[in-house]
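Colleague: The following block contains the structure, expressed as structure tokens.
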Amino acid sequence: MRNPVLKVKDLRTSFLTDDGEIPAVNGISFEVNPGEVLGIVGESGCGKSVTSLSIMGLVPTPPGKIQGEILYNNENLIRASEKRMRQIRGNDIAMIFQEPMTSLNPVFTIGNQLIEAIRIHKKWPKNKAKMRAIEILKQVGLPRAEELMNEYPHQLSGGMRQRVMIAMAMVCEPKLLIADEPTTALDVTIQAQILDLMKRLNKETDTAIMMITHDLGVVAQMCERIVVMYAGEVVEEADVKTIFKHPKHPYTVGLIQSVPDMRLKKDRLYSIPGNVPKPGSTKTGCQFAPRCPHRNERCLAETPPLDTLETGQKVRCWLYQEGKGVEAIGRAVGKG
Ligand SMILES: Nc1ncnc2c1ncn2[C@@H]1O[C@H](COP(=O)(O)OP(=O)(O)OP(=O)(O)O)[C@@H](O)[C@H]1O
Ligand SMILES: [Mg+2]
């Protein structure tokens, strides 16, 4: 077993607002192993982006406040200087965002930006950097790479821009690539191509990928292991097969049920009743309890810990602690 690329331990990121301190990420822990694709899933507002921005050192402090440990090669990135973080970003950990226009500079050509990215990290002469830039554009499946070097981001389609972003991220051979909803803004065919590309690069380069998404289809296609987040906390963690076959947390069960099953023609998609609470608004008990069909008094009064079951699966739910969850929830999972 190789050591994890990244260890996140009890990460807490909050924001100081007029309404007081709002905890966006509330004590999450997980590890990313070398070469794996780890999925982070959960509804809008559960803290996925804040987690990735915290890892990248891109949360402005203040108003943000970050506690806990983000260990990269035993170095706690939370305490790293901005200068050190600039070295880490790109060289060791790279990130691609949902909307590539936000991270491509509209006034520079694709070539300029790629060459610049390469030269910052590799200190190569310009010509060598240029050759590598063309090579990586070809690697990410872009046609007419040489011409593209002289074009501006607005001249490219959304799918092409996202390929350029992936090229920028991969060019310095990072150990970890954080992809925050990288295909949400793209149409379905292009989305599939981009995911294929990422999976191929992951296999070829051994770069670990942290795939942030609310799309379980993406998870099924890409990921080996899944962390399920709810309201700033990890509620379940398991390998992908287990999550789809034996989801344990009632929230995960709901998520899986809300995926359309082609074999069963249902009129309506199941969706979990209610909404994600505002971070910090549920003070006592399980964060999911107000929406949970299985809740009891204890769930409303005490916060369950994230427990490791015999199977290795982790779940934050009192039902399993009391040993009756499998039965109660098993019935709820049965589709149809
Ligand atoms: N700069 C900020 N100031 C105050 N609150 C913030 C800030 N950034 C994020 N938040 C809050 O933190 C919580 C988590 O947000 P985050 O963007 O991580 O959600 P997400 O899981 O990425 O959602 P989505 O799927 O919509 O992208 C939200 O309630 C959000 O309002
Ligand atoms: Mg987000």
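Colleague: Could you say which residue among Leu201, Leu255 is assigned to a helix (DSSP H, G or I) and farther than 13 Å from Glu36 by Cα? Let's see the steps before the verdict.
Modeller: Working: Leu201 fails: farther than 13 Å from Glu36 by Cα.
Going through Leu201, Leu255 in turn, just one is assigned to a helix (DSSP H, G or I) and farther than 13 Å from Glu36 by Cα: Leu255.
Colleague: Arg119 fails exactly one of the following numbered conditions: (1) surrounded by fewer than 20 Cβ atoms within 10 Å (Cβ to Cβ); (2) in a loop (DSSP other than H, G, I, E, B); (3) not acidic (Asp, Glu). What is the number of that condition?
Modeller: Looking at each condition in turn, Arg119 falls short on (2).
Colleague: Which members of region 201-215 meet the condition of being more than 27 Å from Gly254 (Cα to Cα) and either within 16 Å of ligand 1 (Cβ to nearest atom) or out of contact with any helix residue (DSSP H, G or I) (no Cβ under 9 Å at 6 or more places or on another chain) (or both)? Before the answer, list the steps.
Modeller: So the first thing to find is which residues in region 201-215 are more than 27 Å from Gly254 (Cα to Cα), and the list is 201-208.
Within region 201-215, Lys203, Asp206 qualify.
Colleague: Identify the single condition in (1) touching a Lys or Arg at 6+ places or on another chain (Cβ under 6 Å); (2) modelled with pLDDT under 70 that Gly330 does not satisfy, given that it satisfies every other one.
Modeller: The single condition Gly330 does not satisfy is (1).
Colleague: Going through Leu38, Leu77, Leu53, Leu11 one at a time, which residue ends up being surrounded by 15 or more Cβ atoms within 10 Å (Cβ to Cβ), within 13 Å of the chain's Cα centre (by Cα), of a type outside the set (Phe, Trp, Tyr) and away from ligand 1 (no atom under 11 Å from the Cβ)?
Modeller: Values: Leu77 fails: within 13 Å of the chain's Cα centre (by Cα); Leu53 fails: away from ligand 1 (no atom under 11 Å from the Cβ); Leu11 fails: within 13 Å of the chain's Cα centre (by Cα).
Leu38 is the lone residue from the list that is surrounded by 15 or more Cβ atoms within 10 Å (Cβ to Cβ), within 13 Å of the chain's Cα centre (by Cα), of a type outside the set (Phe, Trp, Tyr) and away from ligand 1 (no atom under 11 Å from the Cβ).
Colleague: Hey, another quick one. On the basis of being out of contact with any Cys (no Cβ under 8 Å at 6 or more places or on another chain), within 15 Å of ligand 2 (Cβ to nearest atom) and not assigned by TED's automatic domain parsing to the domain that holds Ser281, does Ser29 make the cut? Break it down into steps so the answer makes sense when it comes.
Modeller: Working: out of contact with any Cys (no Cβ under 8 Å at 6 or more places or on another chain): yes; within 15 Å of ligand 2 (Cβ to nearest atom): no; not assigned by TED's automatic domain parsing to the domain that holds Ser281: yes.
Taking the combined requirement at face value, the residue does not satisfy it.
Colleague: Using the structure shown, decide if Ile110 is within 16 Å of ligand 2 (Cβ to nearest atom), modelled with pLDDT of 90 or more and crowded, with 22+ Cβ neighbours inside 10 Å.
Modeller: Numbers: within 16 Å of ligand 2 (Cβ to nearest atom): no; modelled with pLDDT of 90 or more: yes; crowded, with 22+ Cβ neighbours inside 10 Å: yes.
Here the answer is no, as Ile110 does not meet what is asked.
The values are calculated or read from the model by the stated rules, or taken from the named source; none is laboratory data. Predicted, not measured: the structure shown is a model, and the values here were computed from it. Please note: Cβ atoms are built from the backbone with ideal geometry, for glycine as well, and neighbour counts cover all protein chains shown.
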